[in-house]
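Okay, structure first, notes after.
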Amino acid sequence: MRLTLLLLLFVQFGHAQRTISDTYTYAPGVTFRVLNISHEKTTEYGNNRNRTLYIAPKGQHFKGAWLEFKNETNEDVIIDFEQFFLVDANGTKHHIESVIQSMKLTTTVERYKQKLKAGKTKTIMMSFWPAFNKTDKVTKMIADGQEVNFTYK
């Protein structure tokens, strides 16, 4: 239900393309895969009182990635999203700008480390900065030092 609501929210402001992704290991017993790459003309940044809306320059848009994490261990695991980057066609790494997990938006560097509870599967959405060239079809991500490749359905 939560994922459906989040999906509906994102469809209003952009669109997402489903991906075909292998399953990658984040840590022993913790795996993830890329579900979607989203494309938006705008993004917001800041806390509740001081949010700023950014509009991508002409010919560009912001991208986000939806990842599904599965923790098959008996212990909670901390995922450091500050170590995730989308890579554009020129090889430039785009850094994380915000993380949404379980309908909780985080935009401060201290909150990029999220807990994935033991035995749980979560879908997490990340937004990346700066804007990408609109014609770029991103097919690579760097996740905690490892190269993650995906294609589109």
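Points worth noting:
- Within straight-line reach of LYS134, meaning a Cα separation under 24 Å, sit the following lysines at least 8 residues removed in sequence or on another chain: LYS41, LYS58, LYS63, LYS93, LYS153.
- Paramagnetic reach from ARG18 in segment 51-80 [backbone N under 18 Å; point 7 Å along Cα→Cβ]: 65-69
- Test item: Cα-centred dipole of segment 107-153, Lys/Arg +1 and Asp/Glu -1 on Cβ, debye: 300
- Peptides ranked, highest mean first, by Cβ atoms within 10 Å: ranges 32-44, 69-81: 32-44, 69-81
Throughout, read-outs are computed from the coordinates displayed, never taken from laboratory work. This is a predicted model, so every value here is computed, not measured. Positions of Cβ are backbone-derived with ideal geometry, glycine not excepted, and every protein chain shown enters the neighbour counts.
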